[in-house]
Amino acid sequence: MAKKRKHALLSASGAVQWIHCTPSAKLCDELPDTETSYTQEGTLAHEICELKLTADSLKTGTYTRRMNKIKKNELYQEEMQGFTDQYVDYVETLSNSLPEKPYMAVEKRVEFDEYVPDGFGTADCILICGTVMHVIDFKYGKGVPVNAGGNPQMGLYALGALKAYGFLYPIEDIFFHIVQPRLNNFSTWKTNKRELTTWGNVVVKPKAELAYKGEGEFRSGEHCRFCKVLNCRQRAYDNLELLETYETKLPPELSDEEVGEALAKAEQLVAWHKKLKSYAQTKLIDGGEIPGWKIVEGRSNRMITDYEKMADVLEQNGYPKETLYERAQLTLTDLEKMVGKKDFQTICGEFIQKPNGKPTLAPESDKRPVYNPKTTAAEDFK
Ligand code: SF4
């Protein structure tokens, strides 16, 4: 009997990986799920988004009851309200900018099985107005900014949405939107029905067929970031090959072109080292062996188990209580958590300033504009 799945083998969120490295999907499917508190936090934030976007269709009591239930979740944080408000504002502003009230689907299951065997996923929000369709994805993560441009996850959702609504609406222009409020990343990209379906047929379909059977070639790259195969042979091979790129000949110093290349390669090595380390650590803690390595106790700092009780004892020993405590300011994040992001901005906005950031090295593909050395921050840095 076929294994019952909660998730598609070839998921939309994993598409960037299985399109680039087709055999990885089956390999990852054999490994245990690694749901972290970050993914659970993301799921909770998505629940809030859904609730807020569908609030108009709910009775007040139902809305409040559901929101209170969410708030009882141990991963709930007050700041989620501000970030999910930003997403809802984004969707509403987009919706209001359209010539007429669009059709809206929230948390819509879409099927893209015409291109991907058993392919399905859940699109956070779809807006359709005349010949235009908007597919919007909320990302709660704050690891790396996600770009909407040519994004395969969005592409698959859009193909699924075309299947669901293409016969009802004359959809031609399609927009992908990524809303990632914790990184202040709001990314948009435009394509059209012809380009999208061509991509589906020419790129996705053949790759999906290979991936579904676990065939094709292993290929390492940026997409390995979220792969569950921590001890991947191909990645090891490719990364170690990088080390042999430079011949140890004169001149003794690398050219600036070589430095640029080496930096990009070193980034890959660092990311790979992190995964390999995590694999070895888990194996050893579970009682396995990795030749040449062991688990030791890490460095730890002394800590006070109960400050208040200790302060009482110190007071009894002649140290006045006021000398044992300091009045400390709350951090900006803590204040925002306490007051709520929106209210805090309204009440205290005039006291908040964002200085220019320090010059930071970034690859050319980074979306931020090139640093302007004439700014004050440049002077500070000097
Ligand atoms: S780590 Fe290995 S299996 Fe995973 S995507 Fe990279 S090359 Fe493919």
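Here is how the numbers come out for the structure above:
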{"quantity": "Pairs with Cβ under 9 Å, 6+ apart, first in segment 43-56 and closer than 13 Å to Glu92 by Cβ, second open to solvent by 50 Å² or more (accessible area, probe 1.4 Å) and among the hydrophobic types (A, V, I, L, M, F, W, C)", "calculated": "Leu53/Met104"}
{"quantity": "Qualifying residue in segment 277-285 (condition: closer than 30 Å to Val135 by Cα and within 16 Å of the ligand (Cβ to nearest atom))", "calculated": "no"}
{"quantity": "Residues satisfying the stated conditions in segment 16-28, i.e. crowded, with 16+ Cβ neighbours inside 10 Å and either of a type in the set (A, V, I, L, M, F, W, C) or more than 8 Å from the ligand (Cβ to nearest atom) (or both)", "calculated": "Val16, Trp18, Ile19, Cys21, Thr22, Ala25, Lys26, Cys28"}
{"quantity": "Residue identified as more than 28 Å from the chain's Cα centre (by Cα), over 22 Å from Pro363 (Cβ atoms), modelled with pLDDT under 90 and not in a helix (DSSP H, G or I) among Pro291, Pro251", "calculated": "Pro251"}
{"quantity": "Pair list, Cβ < 6 Å and 6+ apart or interchain, from segment 230-243 residues that are in a helix (DSSP H, G or I) to residues that are open to solvent by 30 Å² or more (accessible area, probe 1.4 Å) and more than 9 Å from the ligand (Cβ to nearest atom)", "calculated": "Asn239/Leu269; Leu242/Lys265"}
{"quantity": "Selection from segment 208-224 of residues that are near the ligand (Cβ under 9 Å from one of its atoms) and surrounded by 15 or more Cβ atoms within 10 Å (Cβ to Cβ)", "calculated": "Phe218, Arg219, Ser220, His223, Cys224"}
{"quantity": "Scope segment 175-217; condition in a helix (DSSP H, G or I) and of a type in the set (Lys, Arg); matching residues", "calculated": "Arg182, Lys193, Arg194, Lys205, Lys207, Lys213"}
{"quantity": "Per-region count, segment 233-248, residues among the hydrophobic types (A, V, I, L, M, F, W, C) and either loosely packed, with under 11 Cβ neighbours inside 10 Å or at pLDDT 90 or above (or both)", "calculated": "1"}
{"quantity": "Verdict on Thr93 being β-branched (Val, Ile, Thr) and either under 26 Å from Tyr212 (Cβ atoms) or without any contact (Cβ under 8 Å) to a residue 40 or more places away in the chain (or both)", "calculated": "yes"}
{"quantity": "Selected residue [open to solvent by 60 Å² or more (accessible area, probe 1.4 Å), within 30 Å of Glu79 (Cα to Cα) and not in a helix (DSSP H, G or I)] from Lys337, Lys354, Lys342", "calculated": "Lys354"}
{"quantity": "Total residues in segment 150-171, condition open to solvent by 40 Å² or more (accessible area, probe 1.4 Å) and at negative phi", "calculated": "5"}
{"quantity": "Filter pass, Ser300 being within 16 Å of the ligand (Cβ to nearest atom), at pLDDT 85 or above, assigned to a loop (DSSP other than H, G, I, E, B) and hydroxyl-bearing (Ser, Thr, Tyr)", "calculated": "no"}
{"quantity": "Check on Leu230, farther than 24 Å from Ala123 by Cβ, aliphatic (A, V, I, L, M) and within 16 Å of the ligand (Cβ to nearest atom)", "calculated": "yes"}
{"quantity": "Any chance Tyr115 is within 20 Å of Asn192 (Cα to Cα), of a type in the set (Phe, Trp, Tyr) and assigned to a loop (DSSP other than H, G, I, E, B)", "calculated": "yes"}
{"quantity": "Segment 105-120, subset surrounded by fewer than 22 Cβ atoms within 10 Å (Cβ to Cβ) and farther than 14 Å from Leu51 by Cα, residue farthest from the chain's Cα centre (by Cα)", "calculated": "Glu114"}
{"quantity": "Filter pass, Arg194 being without any contact (Cβ under 8 Å) to a residue 24 or more places away in the chain, within 16 Å of the ligand (Cβ to nearest atom) and exposed (fewer than 15 other Cβ atoms within 10 Å of the Cβ)", "calculated": "no"}
{"quantity": "Single residue of segment 67-94 satisfying the filter (charged (D, E, K, R) and not in a helix (DSSP H, G or I)) that is least open to solvent (accessible area, probe 1.4 Å)", "calculated": "Glu78"}
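The values are calculated or read from the model by the stated rules, or taken from the named source; none is laboratory data. On a predicted model such as this, the values are computed, not experimentally measured, just so you know. We place every Cβ from the backbone using ideal geometry, glycine too, and count neighbours over all the protein chains shown. Side chains included, ligands, DNA and RNA excluded: accessible areas come from the protein's heavy atoms. Shrake-Rupley method; radii C 1.70, N 1.55, O 1.52, S 1.80 Å.
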